[in-house]
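A short worksheet on the structure shown next.
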Amino acid sequence: MKVTLFVPCFMDACYPKVGISIVEILERLGHEIECPEEVVCCGQPAFNSGYWEESRVICRKVLKQLERAEAVVIPSGSCGAMLKVFYPELFKGEPEEAAANDLAARTWEFSDFLVKRLGVTDLGAKFEGKATFHDGCHGLRELKTKDSPRRLLEKVEGLELVEMEAAETCCGFGGTFSAKFPMISTAMGEVKCSSANETGADWMVSNDSSCLMHLQGLLDRQGNPLKTIHLAEVLAQR
Amino acid sequence: MSSPVSQFKTDATAKAGDLRHRGLIQTALRKYEIVRDVRKGAFQDWEQARQSAAETKFFAINHLDTHLVEFAEKLEARGTKVHWASTASQAREIIGGIIKQKQAKSVVKSKAMTAEEIHLNPALEKLGFEVVESDLGEYIVQLREEAPYHIVFPAMHLTRAEISDLFHNKLGSPETHSPEELTMIARDALREKYITADIGITGANFAIAETGMISVTENEGNARLSAALPKTMISLLGIEKVLPKLEDLALFLPMLATAGAGQQITCYNTMYGGPRQADECDGPEEYHVVLLDNRRTELLADPEQRDALHCIRCGACLNVCPIFRNVGGHTYGTTYSGPIGSVITPHLRGLQDWKHLSNSSSLCGACTETCPVKIDLHHHLLHNRRNASAGKPSVLERLAYRIYAIAVNTPGFWGLGKRIGRLAYPFARFFSGTIYDPARAWTKTRDLPPMPGQSFKEWWKERNR
């Protein structure tokens, strides 16, 4: 299958390894990858801040660029939810409404694509350590991506998966919220990290780098030895 | 007085870092979650129950005009005086007028968020009446001269020791940390008030159109005493409280108890349908029902957010909200806190003054997931943000998003941005977290994300060269 990989803006700049890991995994499974140069951001920051017209400027370009893609894979529950759930709302009553609905149906969050579209759970990955999974809220509640990442992690050799009590509790990132209300965002991050610490895990894994960017920033600042890693990076290790 | 937004930011910053508060609230609400889940398990199918409840409320609200008239006519047929209040001040005048006319001196009141919404107590006190809250939690916050902390648990922010000190100082009772003894102290003080009160005021959990009755749910029996002992009873309720049929309570009473407090059913559930009838031996001689609009009809006129009127004020969305759990109820600075408060307050009190509550959310959706009547809470926060920006955009923010749109839509621009970011990155640590740092909001408590030498797109290009 020809897979169109959409590596969101901040992951492109700050977390290139996630995209590289996905290319490795999908190529190993025999799929052809394309990464359109001109697709950069899903338009969510403007959309979530209420600037829907400014957001549409970005989203129209994404719609155009991904018009012919067979399957679009995004390594982020949040950006995935933007395409799958919020593009149809954003373009409701607009000329691009049909295109938005069509793209939504062809778009997949990375773990869901592997498990639900390709039917793969065992990628032959090896990763030593104890890990707990953080459900990003958009993936969990907008896309209902609860089981896929866990089914993939359960098959990783050497990895012990433990659930934290606050697995489904928001980490406090929330996009521009993290900068508009930094102290609330930080408090929420602390609650999350202490729940992860209670499990004795070495790693906090997630399918959303945006949550991990916030949590790792907090962990580093507080000298907490817990480490964060994107699901794709775990699955690419052999 | 500071503006709502600056008050919110100041209080939120203080409370979010208050580890004692955090521990208290997180512990209490974790216990709630455990018992709630046990009670949810007692339903044959909780999700189906939510769906039924949402459909019932949808029908109730979408036919509010006929339901309200039916409700009022049934009540009036049994001698109740029904009053229609468009605004908070009208409601206060109506209630104050009844009390004046009765030449009453003291009023005993059971828990009613609608009364908080219209600031009834201060208005009545200004007229010279003594108003005593009879719900234990409400009584405690009244003695502390503060607003309820939570829709359902008004005093959940206080420890036994703090309540003991309060009673000791205000009522002269001996110090005790026993919840039973503390309850008895309040009970002794309150019993006297019930007996001497001329007027009893209650709220309502539901208004049954079919039978013209209000349903009041409580755990302490205080609402029953507030309603039964004084000669005149007044119930104040929002017009959205309507349920079409009596049998709807079969679902809504256990649902409210489960979602609100993790109870199978609340201890006392009472129906009031009018004053004492000729063949009855007790009940008030006069019964007044005050139906409050206070801009609810504006919400009704908004098809996108009309479902916010489904709310049964169970407080479940507050309990699961990570924002509420970290900033607490008082920080919101308005009667209805938590997700439902952030959704409806802009409608009740003005969007531009209260839009910050909709911005102060990570949009995690835990509220929507838990709401027993399926209000699309977190998406309404997005809608409020959209409406606020459309109505009065921030010039700077809009400009920033316009520039951002150009940057991400132009590959050369984006590539250049990454290169500049990489060049600037090593210098960031020199002013990280200081007032000169443009990313201070982030770096004050968090390290910056990494900025590797090669981006994904650069890697991809190089690989496919």
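Here A:Ser195 meets each of (1) small (Gly, Ala, Ser); (2) within 11 Å of another protein chain (Cβ to nearest Cβ); (3) crowded, with 23+ Cβ neighbours inside 10 Å with one exception, condition (3).
Condition check: surrounded by fewer than 21 Cβ atoms within 10 Å (Cβ to Cβ) and at the interface with chain A (Cβ under 7 Å from one of its Cβ atoms). Does B:Pro426 satisfy that? Criteria not met by B:Pro426.
Let's see how each residue does on (1) outside any helix (DSSP H, G or I); (2) over 25 Å from the mean Cα position of the chain (by Cα); (3) in contact (Cβ under 8 Å) with a residue 60 or more places away in the chain:
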| position | (1), (2), (3) |
| --- | --- |
| B:Ser6 | no, no, no |
| B:Ala12 | no, no, yes |
| B:Thr27 | no, no, no |
| B:Val35 | no, no, yes |
| B:Gln44 | yes, yes, no |
| B:Gln51 | no, no, yes |
| B:Gly79 | yes, yes, yes |
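Selection within region B:439-459: residues that are part of a helix (DSSP H, G or I) and more than 7 Å from chain A (Cβ to nearest Cβ). The member of this set that is nearest to A:Phe6 (Cα to Cα) is B:Glu458.
Being more than 10 Å from chain B (Cβ to nearest Cβ), farther than 22 Å from B:Gly417 by Cβ and not basic (Lys, Arg) holds for only one residue in A:Leu90, A:Leu26, and it is A:Leu26.
Every condition in (1) at pLDDT below 95; (2) crowded, with 22+ Cβ neighbours inside 10 Å is met by A:Phe177 except one, and the failing one is (1). Of all residues being surrounded by fewer than 24 Cβ atoms within 10 Å (Cβ to Cβ) and in contact with a helix residue (DSSP H, G or I) (Cβ under 9 Å, 6 or more places away or on another chain) in region A:33-51, which is farthest from B:Trp460 (Cα to Cα)? Just the residue, please. Going through the qualifying residues, I end up with A:Pro45. Of the residues examined, B:Leu416 is one that is surrounded by 12 or more Cβ atoms within 10 Å (Cβ to Cβ), out of contact with any strand residue (DSSP E or B) (no Cβ under 6 Å at 6 or more places or on another chain) and free of Cβ contacts under 8 Å to residues at least 24 places away in the same chain. Consider B:Gly128 carefully, then state whether it is free of Cβ contacts under 8 Å to residues at least 24 places away in the same chain and closer than 19 Å to B:Asp198 by Cβ. Spelling it out, B:Gly128 is indeed free of Cβ contacts under 8 Å to residues at least 24 places away in the same chain and closer than 19 Å to B:Asp198 by Cβ. Scoring B:Ala204 on the criteria (1) touching a residue at least 12 places away in the same chain (Cβ under 8 Å); (2) farther than 22 Å from B:Leu318 by Cα; (3) of a type in the set (A, V, I, L, M) leaves a single failure, condition (2). Considering only region A:143-157, I want to know if a residue exists there that is at pLDDT 95 or above, closer than 26 Å to B:Asp376 by Cβ, touching a strand residue (DSSP E or B) at 6+ places or on another chain (Cβ under 7 Å) and within 12 Å of chain B (Cβ to nearest Cβ). Yes: region A:143-157 contains one or more residues that are at pLDDT 95 or above, closer than 26 Å to B:Asp376 by Cβ, touching a strand residue (DSSP E or B) at 6+ places or on another chain (Cβ under 7 Å) and within 12 Å of chain B (Cβ to nearest Cβ).
Just one of the listed residues (B:Thr345, B:Thr297, B:Thr334) is hydroxyl-bearing (Ser, Thr, Tyr), over 18 Å from B:Glu240 (Cα atoms) and away from chain A (no Cβ under 12 Å), namely B:Thr334. On the stretch given as region B:370-413, residues that are among the basic types (Lys, Arg), buried (at least 16 other Cβ atoms within 10 Å of the Cβ) and in contact with a Lys or Arg (Cβ under 9 Å, 6 or more places away or on another chain) total 2.
If the condition is being surrounded by 22 or more Cβ atoms within 10 Å (Cβ to Cβ) and closer than 20 Å to A:Val156 by Cβ, then region A:213-228 contributes only A:Thr228. Evaluate the following for B:Tyr436: is it within 40 Å of the chain's Cα centre (by Cα) and more than 8 Å from chain A (Cβ to nearest Cβ)? So B:Tyr436 fits the description; yes. Within region A:53-74, the residues that satisfy the criterion of being within 10 Å of another protein chain (Cβ to nearest Cβ) and buried (at least 23 other Cβ atoms within 10 Å of the Cβ) are A:Glu54, A:Ser55, A:Ile58, A:Cys59, A:Val62. Among the residues of region B:351-362, those that are at the interface with another protein chain (Cβ under 7 Å from one of its Cβ atoms) and surrounded by fewer than 24 Cβ atoms within 10 Å (Cβ to Cβ) comprise B:Asn359, B:Ser360. Residues satisfying the criterion are absent from region B:404-426 (criterion: of a type in the set (S, T, N, Q) and either under 30 Å from B:Pro339 (Cβ atoms) or under 41 Å from the mean Cα position of the chain (by Cα) (or both)).
Within region A:1-20, the set of residues being in contact with a His (Cβ under 8 Å, 6 or more places away or on another chain) and farther than 24 Å from A:Gly175 by Cβ comprises A:Met1, A:Lys2, A:Val3. Residues in region B:438-465 that are of a type in the set (A, V, I, L, M) and surrounded by 17 or more Cβ atoms within 10 Å (Cβ to Cβ): B:Ala441, B:Leu448. Residue under question is A:Phe91, and the condition is that it be of a type in the set (Phe, Trp, Tyr), within 17 Å of the chain's Cα centre (by Cα), modelled with pLDDT of 95 or more and on the phi < 0 side of the Ramachandran plot; does it hold? Criteria not met by A:Phe91.
Taking region B:159-267 as the region of interest, the strands (runs of 3 or more DSSP E) fully inside it that hold 1 or more residues being in contact with a Gly (Cβ under 8 Å, 6 or more places away or on another chain) and among the hydrophobic types (A, V, I, L, M, F, W, C) are B:213-218, B:232-238.
Condition check ((1) modelled with pLDDT of 95 or more; (2) assigned by TED's automatic domain parsing to the domain that holds B:Phe71; (3) in a strand (DSSP E or B); (4) in contact with a helix residue (DSSP H, G or I) (Cβ under 9 Å, 6 or more places away or on another chain)) across all residues:
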| residue | (1), (2), (3), (4) |
| --- | --- |
| B:Gln90 | yes, yes, no, no |
| B:Ile98 | yes, yes, no, no |
| B:Ala104 | no, yes, no, yes |
| B:Val108 | yes, yes, yes, yes |
| B:Lys111 | yes, yes, no, yes |
| B:Thr114 | yes, yes, no, yes |
| B:Pro122 | yes, yes, no, no |
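Here is the figure for region B:16-25: residues that are surrounded by 12 or more Cβ atoms within 10 Å (Cβ to Cβ) and assigned to a helix (DSSP H, G or I) total 5.
Can you go through A:Met204, A:Met164 and tell me which one is more than 10 Å from chain B (Cβ to nearest Cβ), of a type outside the set (Gly, Ala, Ser), under 29 Å from A:Lys116 (Cβ atoms) and crowded, with 24+ Cβ neighbours inside 10 Å? Exactly one of A:Met204, A:Met164 is more than 10 Å from chain B (Cβ to nearest Cβ), of a type outside the set (Gly, Ala, Ser), under 29 Å from A:Lys116 (Cβ atoms) and crowded, with 24+ Cβ neighbours inside 10 Å, namely A:Met204. Filtered by the rule that a residue be more than 7 Å from chain A (Cβ to nearest Cβ) and of a type in the set (A, V, I, L, M), region B:383-403 gives B:Ala390, B:Val395, B:Leu396, B:Leu399, B:Ala400, B:Ile403. Inspection of region A:1-8 finds a residue satisfying the criterion of being more than 10 Å from every other protein chain (Cβ to nearest Cβ), surrounded by fewer than 18 Cβ atoms within 10 Å (Cβ to Cβ) and modelled with pLDDT of 95 or more.
The values are calculated or read from the model by the stated rules, or taken from the named source; none is laboratory data. The structure displayed is predicted, hence computed values, not measured ones. Don't worry about glycine lacking a Cβ; one is built from the backbone with ideal geometry, like all the others, and counts go over all protein chains shown.
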